[in-house]
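Only the coordinates and a few stated rules stand behind these numbers; no lab work does. Just so it is clear, the structure is predicted and the values come from calculations on it, not from any experiment. Don't worry about glycine lacking a Cβ; one is built from the backbone with ideal geometry, like all the others, and counts go over all protein chains shown.
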Ligand SMILES: *Cc1c(COP(=O)(O)O)cnc(C)c1O
C-alpha cells in the first residue's frame, strides 16, 4: 500500500498529459484508493455496481467514478446519479435504460460504447454493424439524456504485441468511421478508451485518449 502513491506518480509522469488515467480500483479497499487520491488523482474506475456503491460513501465526493464493467440494465439507475461516465455501454437496450433513468433525474449521462475487438469470445460489446444500426434507428434520435463521448475496448490478453496493436488499430478505425459518419460536428465524441497495465504503451501509440490502469498502481489483485 505504501507504494501506491509512488506508483501512480511514476505512471502519470510517463503518460502524455493529453491521455487520461483511470485508476482501476476494483477489489481494492478504500485505504488504497485514498493513497492514490492523496497524490491529487481523482479519476477512478470500478466494474461492479455493488462494490462501487459500498465504497463511494466512504470516499471523497470529488472522485470522478467511471463504470468500466458489464452493467445490467436493472442496476443502471443506482449509479446514474453520481457516476461521471459509463464506459461499458454494450447494447442499445442498456443505452435506452440509461437515457430513460437519466431523464427522470434531469441528467445527461456521458457514455462510451464498448466494442468487441479481442479474439477472445465475449458476450459483451458492439460490433461496428450493431453501432451503425443503432445510430440509424429512430429510437436513438430520441435519446436526449445521454452523450456519446467515444469508444472503449479491451485487447486480447496475450504477449503477441502485433495482435494487440492490430486490435487497438481496429478500435481507432471504428472511432474514426463513426466520428466521420455521425459525430463530425459533435466535439463530445472525442475519446478512445483503450490500454490496461499490460498494453497501455501500445494503446497510447495507437491513439488512446483514456487508459484504464489497475495492477501497475495498486499491485496484483488477489
Ligand atoms: C480490471 C480492468 C482494467 C485494469 O486492468 P489492469 O490489467 O489491472 O490494469 C481495465 N479495464 C477493465 C475493463 C477492467 O476490468
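Numbers at a glance
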{"quantity": "Pair list, Cβ under 7 Å, 6 or more apart: region 201-222 residue on the phi > 0 side of the Ramachandran plot, other residue more than 8 Å from the ligand (Cβ to nearest atom) and not in a helix (DSSP H, G or I)", "calculated": "207/192"}
{"quantity": "Some residue of region 121-131 being under 19 Å from residue 98 (Cβ atoms) and within 13 Å of the ligand (Cβ to nearest atom)", "calculated": "yes"}
{"quantity": "Region 17-48, residues that are under 17 Å from residue 79 (Cα atoms) and either within 10 Å of the ligand (Cβ to nearest atom) or free of Cβ contacts under 8 Å to residues at least 12 places away in the same chain (or both)", "calculated": "24, 25, 26, 45, 46, 47, 48"}
{"quantity": "Selection within region 58-74 - away from the ligand (no atom under 16 Å from the Cβ) and in contact (Cβ under 8 Å) with a residue 24 or more places away in the chain", "calculated": "58, 59, 63, 73"}
